[in-house]
Amino acid sequence: MNREIDNKTILDKFAEKFCEIIERHTKYFICSGFTAIAHGRTRGTEDIDMIIEKIPIEKFIQLHKELIREEFECIQSDNPEVLFENYLNTGLSIRYVQAGKNFAPPEMEVKFAKGELDKEQLKTRKRYPMTSLNIYFSPIEATIAFKEESLKSQKDLDDARHLRLIYQIDEGEIKRIKREIRKIKR
Amino acid sequence: MRDKTHDEQIERWAKFVKENPDKWKTEIKLFLDAQIIMAQRFYSKLAQTKEGREKIKVLRGL
């Protein structure tokens with residue numbers, strides 16, 4: 001019996017299947033809440049946040065078609081050109097769910113990378129064996145920095161605290177990323 | 001209400017996760033799955049009601 005496969009949650013399976021498809025077309029990383037949940041935070045979430053490397057429209061159309069073939073659907077539109085021009089290219093996210101489930105969660109919220117911090121995380125993305133998932137995440141230090149410096153809700157601060165307790169954290173790296181976040185906010 | 005016991009529970013659970021990498025998911029799998037199953041069941045029921053699909057669009061911010 002494969003214990004790890006048996007242990008995978010609905011959210012795990014949804015995320016792994018989606019990420020496998022994305023990786024065939026472009027680079028991505030998962031960030032924010034699902035990073036904490038994949039590391040054992042016991043809380044619910046409706047969406048998983050994904051940043052992907054910016055790709056041209058032709059490539060995005062191929063990616064979208066494969067997602068549809070693999071039984072995902074996009075909440076905002078069935079038309080990949082609309083999704084690209086009206087959403088991704090203007091900095092908005094697009095949301096995919098499992099097809100035929102009345103748009104019920106879970107959903108994958110996909111955005112194009114923008115700014116140096118996103119680009120940096122695409123380069124430094126990591127798989128974390130502790131999660132048992134075949135998924136690239138943003139580095140833990142970046143997750144903590146965003147939750148403590150930018151998001152700041154009680155849920156986000158609890159996520160950051162949990163991750164700090166799980167790993168030996170590079171505090172200097174967190175400080176550096178927080179400085180970069182403050183520059184963006186200005 | 002969040003008091004110090006809230007933080008203590010975060011610490012207690014994080015310690016368990018760290019010390020039991022092969023066990024922690026088993027402990028919470030049903031809990032995590034239940035939230036998705038309940039949401040999907042609800043959306044399915046809602047879709048069958050009058051104006052249900054319109055309500056779903058509002059819920060999903062469409």
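Computed from the coordinates by the stated procedures, all read-outs in this text should not be read as laboratory data. Note that the structure is a prediction, hence the values are computed from the model and not measured. Glycine gets a Cβ as well: all are built from the backbone with ideal geometry, and neighbour counts include every protein chain shown.
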Practice item. Would you give the gap between the C-alpha center of the range A:100-114 and the C-alpha center of the range A:119-171, rounded to a whole Å? Key: 20
Study note, to complete from the structure: With a 23 Å threshold on alpha-carbon distance, the violating pairs from A:Lys101/B:Lys50; A:Lys119/A:Lys178; A:Lys13/A:Lys175 are A:Lys13/A:Lys175
Review point. Which net charge results when you count Lys and Arg as +1 and Asp and Glu as -1 among the other residues whose beta-carbon is under 12 Å from that of A:Ile174?
Key: -1
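Quick check on the protein assembly as shown: take the gyration tensor over C-alpha atoms, sort the square-rooted eigenvalues as a ≥ b ≥ c, and tell me if it's rounded (a/c under 1.5), prolate or oblate. Spell out each step's value before the answer.
Working: a/c = 1.60, a/b = 1.20, b/c = 1.33.
Verdict is oblate for the protein assembly as shown.
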Check your understanding: Percent of alpha carbon pairs in the range A:43-186 separated by more than 26 Å?
Key -> 33
Check your understanding: For labels at B:Asn20 and B:Glu54 in the simple 7 Å Cα→Cβ model, what's the distance in nm?
Key -> 5.0
Study note, to complete from the structure: Given a Förster distance of 22 Å, the FRET efficiency implied by the Cβ-Cβ spacing of B:Glu8 and A:Lys175, rounded to the nearest 0.05, works out to 0.25
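Restricting to DSSP loop positions (anything but H, G, I, E, B) with no more than 16 other Cβ atoms inside 10 Å of their own Cβ, which trypsin sites (Lys or Arg not before Pro) remain in chain B?
Working: sites: B:Arg2, B:Lys4, B:Arg12, B:Lys15, B:Lys18, B:Lys23, B:Lys25, B:Lys29, B:Arg41, B:Lys45, B:Lys50, B:Arg53, B:Lys55, B:Lys57, B:Arg60; in loops: B:Arg2, B:Lys23, B:Lys50, B:Arg60.
Listed in order of number, the matching sites are B:Arg2, B:Lys23, B:Lys50.
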Exercise for review: Treating the Cα atoms of the range A:1-95 as identical point scatterers in vacuum, please give the log10 of the normalised Debye intensity I(q)/I(0) at q = 0.21 Å⁻¹, two decimals.
Suggested key: -1.15
**Study point:** Residue-averaged 222 nm ellipticity for chain A, from DSSP H runs of 4+ at -39500 (n - 2.57), nearest 500
**Key:** -13500 deg cm²/dmol
Exercise for review: State the Cα centre-to-centre distance between the range A:10-67 and the range B:1-23 in whole Å.
Suggested key: 27
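Let me make sure I get this right: for the range B:22-62, a, b and c are the square roots of the gyration tensor eigenvalues over alpha carbons, sorted descending. Under 1.5 in a/c it's rounded, otherwise prolate if a/b > b/c, else oblate. Which is it? Let's see the in-between values first.
On the way: a/c = 7.46, a/b = 2.90, b/c = 2.57.
Since a/c reaches 1.5 and a/b is larger than b/c, the shape of the range B:22-62 is classed as prolate.
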Review point. Cα axis of helix B:24-47 to longest principal axis of chain B: angle in degrees, 0 to 90, nearest 10?
Key: 10
Practice item. Filter the trypsin sites (Lys or Arg not before Pro) in the range A:95-140 down to the DSSP loop ones having no more than 12 other Cβ atoms within 10 Å, then list what survives. Key: A:Lys114, A:Arg127
